[in-house]
Amino acid sequence: MSTFRSLQQVRPANIIGGAVFAGLGVALYSRYMVTNAHADSGAPKKIFSGGLANVSLRLESSEEVNHNTKRLRFQLPEADNIAGFGLTSSILVFSWPEGRIFPVVRPYTPISSPNEPGVVEFMVKHYAAGKQSTHLHSLSPGSSLRFLATLKGFAWKPNQYPHITLIAGGAGITPAYQLIQGILQNPSDQTKITLVYGVNTDADVLLKPEFDEFAAKFPERFRYTYTVSNPVPGSVYRKGYVTEELLREVMPKEKDTKVFVCGPPAMEEALVGKRTKGGVLERLGYGKDKVHRF
């Protein structure tokens, strides 16, 4: 069934959602007129360049990465289209799972290059109580999913910092990966990168082949540390959590750097601190002005 079901098929309680999207339609029409005014420029059309998108995309493939994570690859409307989102962006995903009164809207971070023609790809972790992740994991190739809008994050500019550190936990690796990939694929951006990635088990380590390739190709600019809290016997990974001791060991010594953090709430709070109390990063010399939470 289409995501936007007709009002005849929707219960009266859902009329509220219809009113919201009626207003959205006016804004989308305005955006459509502006977009088509520039359609003859010859450049590839950017589907997620910013603001509203409201596009339904067909699922090309669904690949199991581990016990709870899938890579979902969607086809853009035309083969020469590009996603075109800016670095550190996420995209609002809309669905209306069967049996639910109201639709579900959640942001997800693309892991494909914004300039890759014809496709956009996501890595989605399934949560037992996750309304959207449950729906996304249920999709089969050929299914369609609606994408509403692009949400811009940190305004990244090439070479604005000589070195950045990204600290990620679990599924929080996707925004870190998007930024790392974008920097290293840009020949004019010479930023050095340190990644610290903490997970629960060996099976939870995501995107390892990609990070290994980056490290081999850019040995002077990209280095990474994995740490696993519950490794299997004989694991190749370091055992432990993302602690102050670990960060003192692996983070760059110079303080002229930006730190990006994305992980479970408890991890982020320990690193960044609360409103009235600093965390690990502040003790290491990185005040809140030098830290960005994805």
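Considering the stretch 181-240, the residues that are out of contact with any Ser or Thr (no Cβ under 6 Å at 6 or more places or on another chain) and basic (Lys, Arg) include one that is farthest from ILE167 (Cα to Cα), namely LYS217.
Looking at LYS125, LYS152, LYS157, which is the one that is open to solvent by 10 Å² or more (accessible area, probe 1.4 Å), at pLDDT below 95 and under 22 Å from LEU87 (Cβ atoms)? It is LYS152.
Among residues of the stretch 272-283 that are assigned to a loop (DSSP other than H, G, I, E, B), those with a beta-carbon under 7 Å from a residue that is open to solvent by less than 100 Å² (accessible area, probe 1.4 Å) at least six positions away or on a different chain give the pairs GLY279/GLU269; GLY279/ALA270; GLY279/LEU271; GLY279/VAL272; GLY279/GLY273. A Cβ distance below 7 Å, combined with a sequence gap of six or more or placement on separate chains, defines the contacts here; from the stretch 168-180, residues that are outside the structural domain of PHE211 (by the TED database) reach no residue that is in a helix (DSSP H, G or I) and open to solvent by 10 Å² or more (accessible area, probe 1.4 Å).
Only one entry in PRO252, PRO231, PRO265 is of a type outside the set (Val, Ile, Thr), in contact with a Phe, Trp or Tyr (Cβ under 6 Å, 6 or more places away or on another chain) and over 27 Å from GLU116 (Cβ atoms), namely PRO231. Within the stretch 241-255, if we keep just the residues that are part of a loop (DSSP other than H, G, I, E, B) and of a type in the set (A, V, I, L, M, F, W, C), the residue that is nearest to THR165 (Cα to Cα) turns out to be MET251.
Can you tell me which of PRO233, PRO219, PRO265, PRO187 is open to solvent by 70 Å² or more (accessible area, probe 1.4 Å) and within 18 Å of the chain's Cα centre (by Cα)?
PRO265
On inspection, ILE101 fails the criterion of being more than 19 Å from GLN132 (Cβ to Cβ) and either of a type in the set (Val, Ile, Thr) or not assigned by the TED database to the domain that holds SER140 (or both).
Among residues of the stretch 83-109 that are basic (Lys, Arg), none has a Cβ under 9 angstrom from a residue that is assigned to a loop (DSSP other than H, G, I, E, B) and buried (at least 17 other Cβ atoms within 10 Å of the Cβ) at a sequence gap of 6+ or on a separate chain. Determine, yes or no, whether GLU210 is open to solvent by 20 Å² or more (accessible area, probe 1.4 Å) and over 20 Å from ILE173 (Cβ atoms). No, not satisfied.
The conditions of being open to solvent by less than 70 Å² (accessible area, probe 1.4 Å), closer than 26 Å to ASN66 by Cβ and either in the same structural domain as MET123 (by the TED database) or out of contact with any helix residue (DSSP H, G or I) (no Cβ under 8 Å at 6 or more places or on another chain) (or both) are not met by ALA270.
The values are calculated or read from the model by the stated rules, or taken from the named source; none is laboratory data. This one's a predicted model, so the numbers in the text were calculated from it and none came from an experiment. Cβ coordinates were reconstructed from backbone atoms using ideal geometry, including for glycine residues, and neighbour counts include every protein chain displayed. SASA here: full protein model, heavy atoms, side chains in, ligands and nucleic acids out. Shrake-Rupley method; radii C 1.70, N 1.55, O 1.52, S 1.80 Å.
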